[in-house]
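The values are calculated or read from the model by the stated rules, or taken from the named source; none is laboratory data. Just so we're clear, the structure is a prediction, and the values are computed from it rather than from any experiment. The accessibility values were calculated without ligands, DNA or RNA, using every heavy atom of the protein model including side chains. Shrake-Rupley method; radii C 1.70, N 1.55, O 1.52, S 1.80 Å.
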Amino acid sequence: MATDAIKAEALGTAPGELEQGQRFEGLGFTWCKIGSIALIAVFPKPALLLASVLAIYYYTRALMLGINRSCCILRHPLLIIAFWAVIFAVTLGSVVWPVTSAQLRSRDASRTAASSTR
């Protein structure tokens, strides 16, 4: 307990904030593991989107509360946040792109059909 107070003082945070940061890091690590399993098992995209958002959220909270080391293989919360942000962007793109391109194709097809009937 005394070491937590010393660590908190060295980081410039209150001892309660450091403990809260450690809790958020633990939650972030949990969602990081779930997201990793989703990547490996190729779970449905919504599960991967949810896991990446929650991992980003909890690691951001932990980082803001002074946690600068994680149990995750990437170790630093900022690297973990960046990794999951890329995963989120790629997954969201893979969900949005087919929908958007299908809408564009159908709009182009309707324009072509309308111009050929004139």
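Got a sec? What order do 24, 83 fall in by accessible area at 1.4 Å, biggest, i.e. largest, first?
In descending accessible area the options line up as 83, 24.
Largest first, how would 84, 31, 97 line up by accessible area (1.4 Å probe)?
Reading off the accessible areas and sorting them downward yields 97, 31, 84.
Keeping all protein chains in the complex and leaving out DNA, RNA and ligands, what accessible area do you get for residue 78 with a 1.4 Å probe, in Å² to the nearest 10?
100
Roughly how many percent of the accessible protein surface of the range 16-70 is carbon and sulfur, given a 1.4 Å probe and a whole-percent answer?
That share works out to 68 percent.
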